[in-house]
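First the structure, in the form of structure tokens, and then the observations on it.
The values are calculated or read from the model by the stated rules, or taken from the named source; none is laboratory data. These figures come from a predicted structure and were not determined experimentally. As a convention, Cβ positions derive from the backbone with ideal geometry for all residues, glycine included, and neighbour counts pool all protein chains shown. Calculation scope for accessible area: heavy atoms of the full protein, side chains included, ligands and nucleic acids excluded. Shrake-Rupley method; radii C 1.70, N 1.55, O 1.52, S 1.80 Å.
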Amino acid sequence: MEFECQLTTEVSKNLCDSVDNSYRRKTESNQFNSSPEAENFGISEQPLDSNTEKGKTSIQKPTPTKKPNSDICGSKQFFSSDVVPHSRRTITDLPPALLSEILNFLDPKELGIVSCVSAYLCKLASEHHVWKDFYCERWGTSTLPTPLGAGVSDETSWKEFFVEREFRSKTFMGRYSIDVMYGHTEAVRTVFLLVSAKLIFTAGYDQTVKMWKMEEGLLIASSRSLGCTMRAVAGDTKFLVAGGTDGFIQCWRAVEGFPHLFDIKGSQSQNTEFRLWDHEGPITSLALDLTRIYSGSWDMTVRVWDRFSLKCVKVLRHSDWVWELVPRDLTIASASGSDVYIWDTSSGRLMTIIHKAHVGNTYSLARNLTGDFLFTGGDDGAIHMYEITSHDLETNPVLVATWVPHSGRVYSLAFEFPWLVSASADGKLSLIDVRKLLRTKRRASDKSFSCVKHVVPSTVEPPQRMLHGFGKNLMSVDIGADRIVCGGEEGIVRIWNFTEALEIERRVRASRAIRLENRMRRRKLHLENISKTSRNDQCLVAAKKNQVTGDRSGWHSKRALSGKLKS
């Protein structure tokens, strides 16, 4: 954005020098008529003698010096005498458009600090459009608690949503309750949390897909037997898909007016339930976006399906079994053998390969919403974090950090900013906060800009929390809505509910606010008492100086003396 200049560079420099010199002299001395300052402002001090009045100075009118160059905009000429001596310029004097561009380069914490400076900056920082970008980069729009309705300021609402969501993310370090859901007769191979509909979908070796209420943990419906082990489930509010070892994708369309979106236990109908066939091996992973369905299989391919025509539009071939895939925007990451592939889904071009990401197979993948970070887990029990940077047609994965929280295979990963959750064959869950690894990401068109700090591997913090108490072989995990959902070999689905910690934290914040208000009220009363005491002391001192005594200097002494003289 270009801004027109109002003054020349020379005049601006003189303005800054004058303001700086004025402020410096003002702090050094409170006397206005000091010699250096008088010299600067054209005030000459005359010696005081019998011919001059006391305390009088003559003010010399400065001679304006015209600058040789005009301003860029071709406006009138400016003179050095036009600069107001005691004027001070602040950032609030900048044009609003320029100030908005400056705020674009701040992260949420810095914007919060700026909003504490003044009422004007508080209003400007709170209503800035960048809060929407912050929220969408971290959590997307599908997790908004309520739609932005009429009569609500869009920018203000985005800041409120961001602050609330950032506050909620801290509850995973607090108290929790565990809901245990029974219903599967064999091992649970996959779990999927549909936050927007408050539903949980699970599937496993008992050849069924089950739907649960997220808040109550109650079983809503169970599908008929699908004839094979179901290893993958994915969905949104319009579409639900499940993949089996027989190589088909079982699909359900949402039923309009149905209380729980999908009628998975009803009789098979061509309109709401159908299958997609094309894979030649078991399907191990599924994902959806607005226009496509992605499926990975042990036939060493990832297939991309059109959601509307239900036809396979692209086939991405690998060198080994495909264990996991995660699409983001126009790219998709897939785990095949021990390698990780990153593809351009629009053209089918292979962008890069991370060779031997783990010792053994790479079983699990996770990405953030923007696709800048990729997390991998594998046979060796390690978790790697990569940053994916792109410049022109070159894509570079950079290893950022490594954690080894497990003694068994890492079967599943799930990410919701800022928490990465892993499920392992050792029967443990680990929670990793990645915020300390990130730094401010400037909003620029250059995708090669790094948004992670330079981290020494030995200084990477271990997982912030480990959840224990299971048998073994936790095969799938998901995170969302202040909950962590997990299933494994025991055939039991567990929900770690952190809403209790959220309520406790809210009460603590309210109590802290009350204490702060009381402290400020006491401080105000204390300052008022000090002020009153100071005034009383000043009056007492003045009274002591002017107290009536028997001294000859007193008026009564003089009157008595004059009376004696008269007598």
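Let's see how each residue does on (1) surrounded by 11 or more Cβ atoms within 10 Å (Cβ to Cβ); (2) at pLDDT 85 or above:
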position	(1), (2)
S448	yes, no
G488	yes, yes
W496	yes, yes
N518	no, yes
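Can you say whether L431 is in contact with a strand residue (DSSP E or B) (Cβ under 6 Å, 6 or more places away or on another chain), within 27 Å of W298 (Cα to Cα), in a strand (DSSP E or B) and in contact (Cβ under 8 Å) with a residue 12 or more places away in the chain, as far as the supplied structure shows? No; evaluated as a whole, the condition is false for this residue. Of the set (1) free of Cβ contacts under 8 Å to residues at least 40 places away in the same chain; (2) crowded, with 18+ Cβ neighbours inside 10 Å; (3) in contact with a strand residue (DSSP E or B) (Cβ under 6 Å, 6 or more places away or on another chain), all apply to F274 but (2).
Taking the conditions (1) touching a residue at least 24 places away in the same chain (Cβ under 8 Å); (2) over 25 Å from the mean Cα position of the chain (by Cα) in turn, P327 satisfies each one other than (2).
Checked against (1) in a loop (DSSP other than H, G, I, E, B); (2) β-branched (V, I, T); (3) modelled with pLDDT under 85, T156 meets all criteria but (1). Residue-level analysis places C116 among those that are surrounded by fewer than 12 Cβ atoms within 10 Å (Cβ to Cβ), modelled with pLDDT of 80 or more, assigned to a loop (DSSP other than H, G, I, E, B) and outside the structural domain of R367 (by the TED database). Checked against (1) open to solvent by 40 Å² or more (accessible area, probe 1.4 Å); (2) in a loop (DSSP other than H, G, I, E, B), H406 meets all criteria but (1).
The strands (runs of 3 or more DSSP E) found wholly in the range 273-323 and carrying at least 2 residues that are polar (S, T, N, Q) occupy 283-288, 292-297.
Only one of the listed residues (K428, K453) is more than 20 Å from E166 (Cα to Cα), of a type in the set (D, E, K, R) and at pLDDT 75 or above. That residue is K428. Filtering the range 290-302 to residues that are crowded, with 19+ Cβ neighbours inside 10 Å and among the hydroxyl-bearing types (S, T, Y) leaves Y294, S295, S297, T301. If I go through the range 303-337 residue by residue, how many of them are open to solvent by less than 30 Å² (accessible area, probe 1.4 Å) and closer than 15 Å to S364 by Cα? Number satisfying all stated conditions: 10.
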